[in-house]
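Just so it is clear, none of the values below were taken in a lab; they were calculated from the coordinates. Keep in mind that this is a model prediction, so the values were computed, not measured. Glycine also receives a Cβ, built like all others from the backbone with ideal geometry; neighbour counts cover every protein chain displayed.
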């Protein structure tokens, strides 16, 4: 009997070892959390009913995002989260953990290879940027070679799913294909940055003879139907998730909606009430795109509940840059769409880079909590790896992001010495806008320096006192300007960041400390 | 010590139990074979250097398929394997285990929903067939609702990959999307039945404003490159296979090449030698398509060897119908391309339905063996499930196929009582051809009855004596004609097979025993 007892005790240890250690899938199925990155395109900091500022703004009152509200109440709201001014740089930073000034994919990539999306300029020659995007294999011209984190997740036993917009690299390069980034499933992701159409009736653009490079792939099931793109992607995501759930395999879902990018088309399920409110018709359609996106979030959350896996699933909600604020693409006055933030997409002002961010992880991340620590999109790389328990991953790049797990554990976590850098040596639109075209910026603590590459002008703002960046303090605090110029220049030099060439001199624009 | 020894012995049993039984993935990784279905489009019985007839024909001498030769020498060659006359019926039979007369998808499906691909006819009204294809969900108009076997494989722990042509259903229905068939990975499969272009330089058709419904999805990585479609699909398949191999998960790969369907475009890697031989230029290009397909087979076989999994991987090679024999799409005289078989794609004569078939499974299927037992494409459903160890699967359909495992075990296995049925109540081409448009047929033993629905004419052939179906024996063997007519009518009635309506009478064409 004694012997038998000892046998059983030892056996249990062995069984445990086998079930939780020896077999990677089994082990992961039990211990590793599922991760959903819910990534919206071009959604501004104010484009929801969750207030990311201290009070509920008129825009917060306009938009209806009940599922974001639910997520905020169940998890953590980050009020100082940042991306880059436009999409591909953000998406590259996400996948590589590198700052845009470091990875050199500083503008959006054209679907066509070796095609500079920059607008021509009379004064500045186009910068030599990585216009073909991110490459998971070396020696591809005009790309940054890096190890994308989904590859590491897949290696660690995660079932990796990409749904929606990819836009990591140009056609004809490996990065155009999400499979090469480590995704085992790809639905609707390709080299293009927006959908040709959101409508199933339009086959999402796949109409014979009319398809552009933006025709959305993989959704033939919904062609000719009333399914709005956001809905079709959600249904496909849920379908793809059935497999890992059945196999008790942990999953990573990159739920990368095409919404709310142009073309701003009405989601018929939601648009009428916005029309009825007398909103500008474009803004009414935009609000319906936002609400459709929120519905998708709710559907996923509900599905997690139904499957009984909500408690083991981390959801992270972000946008890839600020809300579009150009006319005539948006309704209302230009650059009013992200108020109180200044400007919008394309700008290094807060309207272009500050993004909504929510993180939910039941019983792990405190409910209804608010984190004011500033974080930036490259932080997701180390954070996601840490959440997945991946230590010392084998990478070809050096990462710049910092894990925000300390913040998730303690929303009051504070680090005001860290500096965040934005670098946009490109010409996004034909005519310069506020903070748009050829700008760099740096934030440290509450101070932010904005550097105009074209004319060398530097502006200084104190963000906690002046969120709208209306009061330039550069004349009052020259030492702060100098210190931040130094810090910014050091970082840009360290990353070998590119500057545009001044046509008249043939020399690159100097770094901010040099003028 | 004794106690410890007993402990170890018991422990080993437990360990074994845990590793090989408790955990489905681990278990499958060890005991379930990988399965590759290598499915070629429109490849004829003679389109290779492997002789499927008793002697090597002039066509066998024209084509270069060294990897098929290797596969034949390592495995089993089926000389009497059949599909249906055209693609979608075959693909539906494969996925459902049902005969085409039973599933009712008797013609190729248009990418557009509710669009009859039949040609108009002055005498016969279009048959009420399932023109929207196969549906894995019920209540979809004009579809056959069935459980596709990849769904069952996925449920049993297989990693299921579709690469290439799908063509199971029209856009706007669930079947258009391979994910709904149980494939976890889909690369390049959609509602269309052929590629717009085989050339990477053409983006496989995805040229803005020029794309048709046949533009191949998912291959943006190769856009603008020299990669021929066959090569790109092979590279993508191998990439997708890395995942299950790494996880020791059994896989099913549906390697469904677009080759060698029209447009007959030159595969530059191989075409020159065929031009140099003075072949008709279309036929030279066709031969290059064939050789490119064979290269893909070789690459996959080599990869299996490199990964050390060849011995645990079953490869099954087939085509989806006979070789195209129409002019001007093919070079040479019309209907000469499958000689000694009569006619080609679209026909119920042997040229339209007899297909090359090879099965390789090292140490399980006898090497260099030849099976003469006739088999048909719906037999793959029960065969694949049996190979995967799936017993009593839950199906919504009744299957008609019979497992050919007895043949794989014993190439001399013989069953000459079984009957095979072909039913094509559709109008494939504008003008009737040999055995093309409105035909049914039945084979039992070596006897074959061909029934012309339009005029009621019946022909009788003895296949082992008259492979080319040139000698109609119906007048000599009226009793055989009557018996086979009865058998065919019984089967068609049992399956509720549809017949076209005679416009002048408003009544359906009678079954063969009725006239």
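Summarising the overall dimensions of segment B:31-411 from its C-alpha atoms, the Rg and Dmax are 19.2, 59 angstrom. Taking segment A:112-253 as the region of interest, what is the percent of Cα-Cα pairs per 5 angstrom bin, listed from the shortest bin to the one with the maximum distance? In order of increasing distance, the bins hold 2, 10, 16, 17, 16, 15, 12, 7, 3, 1, 0, 0 percent.
On full extension, the segment bounded by residue B:472 and residue B:503 gains 8.2 nm, given 0.36 nm per residue less the C-alpha separation.
When only alpha carbons are used to place a centre, segment A:482-500 and segment B:439-515 end up 83 Å from one another. Legend: ranking of residues A:376, A:399 from fewest to most surrounding C-beta atoms inside 10 Å; resulting order A:399, A:376. How far, in degrees from 0 to 90, does helix B:87-96 lean away from the longest principal axis of the Cα atoms of chain B, to the nearest 10? The two axes meet at around 40 degrees. Computed from the Cα positions only, the extents of segment A:443-504 along the three principal axes stand at 37, 25, 20 Å, in decreasing order. Note on B:233-244: average number of Cβ atoms from other chains within 10 Å of each residue's Cβ is 2.
Other protein chain C-beta atoms within 10 Å of residue C-beta, averaged over B:182-194: 3. In vacuo Debye scattering of segment A:292-372, one point per C-alpha: log10 I(q)/I(0) at q = 0.15 Å⁻¹? Each listed q maps to, in turn, -0.69. Roughly what percent of Cα-Cα pairs across segment A:389-515 reach past 25 Å? The answer is 36 percent, as a whole percent.
Mean sequence separation of contacting Cα pairs (under 8 Å, at least six apart), scaled by the length of segment A:412-515, corresponds to a relative contact order of 20 percent.
In this label model, residue A:363 and residue B:311 are separated by 4.7 nm, measuring between points 7 Å along each Cα→Cβ vector. Plainly put, the tip 7 Å out from Cα toward Cβ on residue B:139 is 5.7 nm from that tip on each other copy, the closest given first. Sorted ascending by nearby beta carbons within 10 Å, beginning with the fewest, A:495, A:361 become A:495, A:361.
Taking every DSSP bridge with both residues inside the protein assembly as shown, close to 55 percent are antiparallel.
With its label point defined 7 Å out from Cα along the Cα-to-Cβ axis, residue B:475 lies at 11.3 nm from the matching points of the other copies, in increasing order.
Starting from the eigenvalues of the Cα gyration tensor, five times each then square-rooted, give me the equivalent ellipsoid semi-axes of the protein assembly as shown, largest first, whole Å.
Details: eigenvalues 641, 217, 139 Å².
Equivalent ellipsoid of the protein assembly as shown: 57, 33, 26 Å, largest first.
Label-point spacing at residue A:66 relative to the other copies reads 6.7 nm, in ascending order, each point sitting 7 Å out from Cα along Cα→Cβ. The protection proxy used here, the mean number of other Cβ atoms lying within 10 Å of each residue, ranks peptides A:73-79, A:290-296 as follows, highest first: A:290-296, A:73-79.
Short-range pairs are left out: with C-alpha atoms under 8 Å and at least six residues apart, the relative contact order of segment B:322-423 is 21 percent. Entry note, chain B: relative contact order of 22 percent, from Cα contacts under 8 Å with a spacing of 6+ residues. Its Cα gyration tensor gives segment A:292-338 an equivalent ellipsoid. The semi-axes, each the square root of 5 times an eigenvalue, are 34, 11, 6 Å from largest down.
Summary of the geometry: segment A:132-150 and segment A:391-416, compared by the centres of their Cα atoms, lie 22 Å apart. Between residue B:119 and residue B:415, the modelled label-to-label distance comes to 3.7 nm, taking each label 7 Å out from Cα in the direction of the beta carbon.
Could you work out how far helix A:478-494 tilts from the main Cα principal axis of chain A, as a 0 to 90 degree angle to the nearest 10? Roughly 60 degrees, rounded to the nearest 10. Here the Kirkwood formula puts the hydrodynamic radius of segment B:326-423 at 15.9 Å, using every distinct Cα pair.
Computed from Cα atoms, the angle from the helix A:229-246 axis to the main principal axis of chain A rounds to 30 degrees.
Mean per-residue shielding of peptide A:271-277 is 0, counting Cβ atoms of other chains within 10 Å of each Cβ.
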